[in-house]
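Presented below is the structure to which this report refers.
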Amino acid sequence: MVFSNHEKVRIAKLLDEVGVHQIEVGIPAMGGDEKATIRQIADLGLDTSILAWNRAVLEDIQHSLDCGVDVVCENIGRPLEEQGGGIVEVNAAPGLRMHLSPSFGKGRQVGEAMIANLYAPGDDGRIPVVAVTGTNGKTTTVTLIHRVLVAAGLNAGLGGNINPPLISLVKDDPDYIVAEISSFQLEWIENFRPSIAVCLNVTPDHLDRYATMDEYVHYKLALFKNQRENDLALVNLDDAWLKDLQFNCRRAGFALHDGYQDQPGGYVRDGRIFYCPATPGPRIPALEAIGEGVAEDMLATALVCHELGVSDSVMEQVFAEFKVIHHRFEFVAEVDGVTYIDDSKATNVGAVEKALSGITRPTVLILGGVDKGGDFRAAIQTYRDRLKRVVLLGDQAPRILSEIDGLLPIEKAASMEEAVSLCQKAAAPGDIVLLSPGCASFDLFKSYAHRGEVFAECVKKLTSQTN
C-alpha cells in the first residue's frame, strides 16, 4: 500500500498516540518529497523515536540530519549482533573515526558525537517556536511578532490557529516559527515545547465547551508544561489567573501600568514601552487610536522580540505602521461626525472590556449573538460612564437584557441593518458606534468576519444616504 505524504504524517501521529515506541519513517537519501515528509514528522515533537533507514555512509547520515532527525544510537551493533555479526569501526565523518572493540563487536554511542560535530554547541538543529495563547489578542500579537522579525531581516514563519498549519512552515527552514495556539489545540498537545510561550490573558470564553472556568484555564496553561530551564514563559501581570504563576523555566511579565519593576518584564508609560526596571524601549501609538488590547499586544511583542535581540527602532517602525487586524477595533467610517468601529472579533465579554477600556468618548454599543458564557452586567457596570446606549442583537438578546436591564438605555434589533439604524439615531457628533458583540456569530452570520462585513455594509449605506 502506498501512502501520501499527508497520510504518513497522520499515521505517525496516531502511532505515537497509541504508544508505539519506534516508527520507521522512510529513506532520507531518496530526497524530494520523502525527505520533506520525514522532516515534518521529526518536527512534530512526538514521544516515539523516529527512525530513518541509512546506508553506513556519511552521505546518508547527513540526509537524515537535514531532515531534523536526531541520530542517537543506543547500541549500533545490536541489529548485527542479533544476526550473529558485529561492528568493528564507524567512520562518522571526515576526521572523526571511532574505533570499536573488534573482539566483542560492540557498538559505541555515536549519535550525540555526530550531532556535536555537525552543529554549534547548544544547537540541536530544531527550529525555535514562539507560541502565543490567550482568550483575546492572539492573532494581533503573532502578526506583530512575525512582522517585527521579518523587518529585522529574519526568516520567520507564521501559522497555527490562523493557518497555515505549523508543519507546512518547516520546509522553508525558518529561523523562528511564530504560532497562534488556541485552547482547543492545547487539549491535545503532549510534547509541544515552545522556546518562548506567551499567555496574553484569560477571561471567560468557550464555557459552552468547558465545564468550568478552571478547566478552560487548565488547557490554556498547558502551553507551558514542556518548557525547560532556558525557555521563557511570558504572562500578563494584570490578569488574576496569570500573575502569580511560577514555571520550570525563566519567567517574565508585562502590564500596561508600572508597579512590577522588581521582576523581569515590561510596562507602558507615557506612550512608551519600558523594560524592567526602567530601560526605555519602543514607542507605541496613542491608546485612543489602538485601544488597550492592542497596546498590550504590542507590549508582549516588544518583550518577545527584545529577548530575540531585535532593536527597538525596528519594533517602533512596525508599531507605527501597524494596521489593526480586520474586525478587531477596526475603523469603518465617520458619518455625520460619528465614528463607526468594527470589533466583531470580540466574541467574549473580556474582549468587549478591552475595547471599552481604551475609549473615552460617548459610545453606543452593539451586543449579542451566540453566548459563550461571561458576565455582561459586570462589564457594563465598569464602563457605563462612557456608554450612552446598548443595542442588543441575536439569540442571546433576552439573556443579556435580563443581566444589564436598568443600568442604561437598551434597545433590541432584529437585524444588523436595524441595529445600525438605531445606533445612528442615538449617537451625536463626536460619539462612537461600536460593534463589539461579546458573543459568537453563528445565529445570524457565517462567521465573525461576515458579521463585521455586514456591519460595514450597513454603515456605508448611511454614508451614501448623507451624500
The stretch 129-321: projected area of the alpha-carbon convex hull, averaged over directions, in nm²: 10.7 nm²
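By the scheme Lys and Arg +1, Asp and Glu -1, what is the net charge of all other residues having a beta-carbon under 10 Å from that of PHE224?
Values: positive: ARG193, LYS220, LYS225, ARG251; negative: ASP231.
Charge balance near PHE224 sits at +3.
Quote the FRET efficiency, to the nearest 0.05, computed for LEU408 versus LYS13 with a Förster distance R0 of 45 Å and r equal to the Cβ-Cβ distance. Please report the intermediate quantities before stating the final value.
Numbers: r = 51 Å, r/R0 = 1.13.
The formula returns an efficiency of 0.30 here.
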Extended-chain gain in nm, criterion 0.36 nm per residue less alpha-carbon gap, LEU51 and GLN261: 70.8 nm
Unsatisfied cross-links (Cα-Cα over 22 Å) in the set LYS354/LYS461; LYS138/LYS220; LYS138/LYS323; LYS354/LYS388; LYS225/LYS372: LYS354/LYS461; LYS225/LYS372
Chymotrypsin sites (Phe, Trp or Tyr not before Pro) restricted to DSSP loop in the stretch 365-467 with at most 10 other C-beta within 10 Å: none
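Suppose we keep just the DSSP beta bridges with both residues in the stretch 129-321; what percent of those would be antiparallel, to 5? Write out the running numbers ahead of the final one.
Working: 7 of 32 bridges.
Beta bridges within the stretch 129-321, antiparallel portion: roughly 20 percent.
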Segment ASP172-ARG399, length gained on full extension (0.36 nm per residue, minus Cα span): 76.8 nm
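Would you mind counting up the charge near ALA414? Only other residues with Cβ under 14 Å from its Cβ, with Lys and Arg at +1 and Asp and Glu at -1. Kindly include the intermediate steps, with their values, before the conclusion.
Details: positive: LYS412; negative: ASP395, GLU411, GLU417, GLU418, ASP443.
Spelling it out: positives minus negatives among the neighbours equals -4.
Every read-out reported here was derived from the displayed coordinates using simple, explicitly stated rules and does not represent laboratory data. Keep in mind that this is a model prediction, so the values were computed, not measured. When we count neighbours, we look across all protein chains shown, and the Cβ atoms used for this are built from the backbone with ideal geometry, even at glycine.
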